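A short worksheet on the structure shown next.
Each value in this text was obtained by applying a stated rule to the coordinates, not by laboratory testing. This is a predicted model, so every value here is computed, not measured. For neighbour counting, all protein chains shown are included, and Cβ atoms are generated from backbone atoms with ideal geometry for every residue, glycine included.
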Amino acid sequence: MGGPEIERLIALLSKLPGLGPRSARRAALKLLQQPEARMLPLAGALSEAARAVKPCSRCGNLDSRDPCTICTDPHRDPTTICVVEGVGDLWALERAHVHRGLYHVLGGTLSALSGTGPEDLNISPLLARLREGGVTEVILALGATVDGATTTHWLTEKLKPLGVTVSRVGQGMPIGGALDVLDDGTLAAALRARRPVGAG
Ligand SMILES: [Zn+2]
C-alpha cells in the first residue's frame with residue numbers, strides 16, 4: 001500500500017484493545033497526515049510513558065512514582081485496602097470516587113483452567129502489608145466470575161487469621177462482569193453494600 005513502515009504501524013495499532021484492522025487503518029492515516037500535531041507527540045508520550053511508568057512495588061498500581069501517588073497520599077485512609085484484579089479496576093474505582101483507602105492489585109485471579117495459582121499473583125506482598133499492621137479492613141472487590149469467587153474465598157481464608165475484617169463487595173456486580181466496565185453508580189452501590197465475610 002505505502003511501504004513497510006505504514007504496514008507495521010497499522011499492524012501494531014490493530015493489536016490495541018478496541019482497534020480492529022479497519023479502525024487501525026483510520027488511526028494510522030490520521031497520524032500520518034498530521035505528523036507534527038499528532039504523530040510525534042504520540043510517539044513522545046509513548047516512549048516517555050514506557051520509560052517512566054512501572055508497577056508500584058507496594059500495591060501494583062501503575063505510576064511514574066514508586067511507591068505510587070495513591071500509596072503516598074497522606075489524605076487517604078491507610079486502614080482499608082481494596083483488593084482488585086487489575087489496574088483497570090483500580091482506575092474504575094478511582095473514577096467513581098467510591099474508595100478513599102488504599103489498593104492492592106492482584107494481577108489476575110486464581111484459575112484452575114489457565115493454571116494460575118497463588119504464586120502467580122501479587123499475594124505475598126499483600127500478606128506482608130497486612131503483617132506490618134495498621135490495616136483493619138480488606139475489601140475484596142473481585143469480579144463475580146467463577147474465578148473471582150474462587151479467589152475471594154481463597155483470600156478470605158488466608159487473610160482472616162491476620163486479624164483484619166474481610167469484606168466483599170455487595171450485589172450489583174453482574175455475573176462475569178469486570179469492575180472496569182461497570183458505571184460509576186453501580187460501582188458505588190456495590191462498594192457501599194459490602195459486607196464482612198462470615199466466619200468459617
Ligand atoms: Zn502503590
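Applying a DSSP loop filter and a limit of 10 other Cβ atoms within 10 Å to the GluC sites (Glu not before Pro) in segment 123-158 leaves E132.
Please work out the FRET efficiency for the pair E132 and R195, using the Cβ-Cβ distance as r and a Förster radius of 35 Å; give the result to the nearest 0.05. Using R0 = 35 Å, I get an efficiency of 0.85.
Relative to the longest principal Cα axis of the chain, at what angle does helix 21-33 sit, 0 to 90 degrees, rounded to 10? It is inclined by approximately 60 degrees. In a DSSP loop and with at most 11 other Cβ atoms within 10 Å, there are no GluC sites (Glu not before Pro) in segment 11-111. As I understand it, the value is the acute angle between the Cα axis of helix 4-13 and the longest principal axis of the Cα atoms of the chain; what does it come to in degrees, rounded to 10? Helix 4-13 sits roughly 20 degrees off the main axis of the chain.
Taking the Cα centre of the chain as reference, the dipole from Cβ charges on Lys and Arg (+1) and Asp and Glu (-1) amounts to some 200 debye.
Here segment 14-31 is scanned for amide nitrogen atoms under 15 Å from the site 7 Å beyond the Cα of A43 along Cα-to-Cβ, giving 28-31. Among L126, L113, L13, which one moves the most in a GNM of the chain with springs linking Cα atoms closer than 10 Å? Residue with maximal mean-square fluctuation among L126, L113, L13: L13.
Simple rule: put +1 on each Lys or Arg Cβ and -1 on each Asp or Glu Cβ in segment 64-170, find the dipole, and look at G86, A112, S167; the Cα lying farthest toward the positive end is S167. Listed by chain and number, the aspartates and glutamates whose alpha-carbon sits under 19 Å from that of K15, ignoring those within fewer than 8 places in the same chain, are E5, E7.
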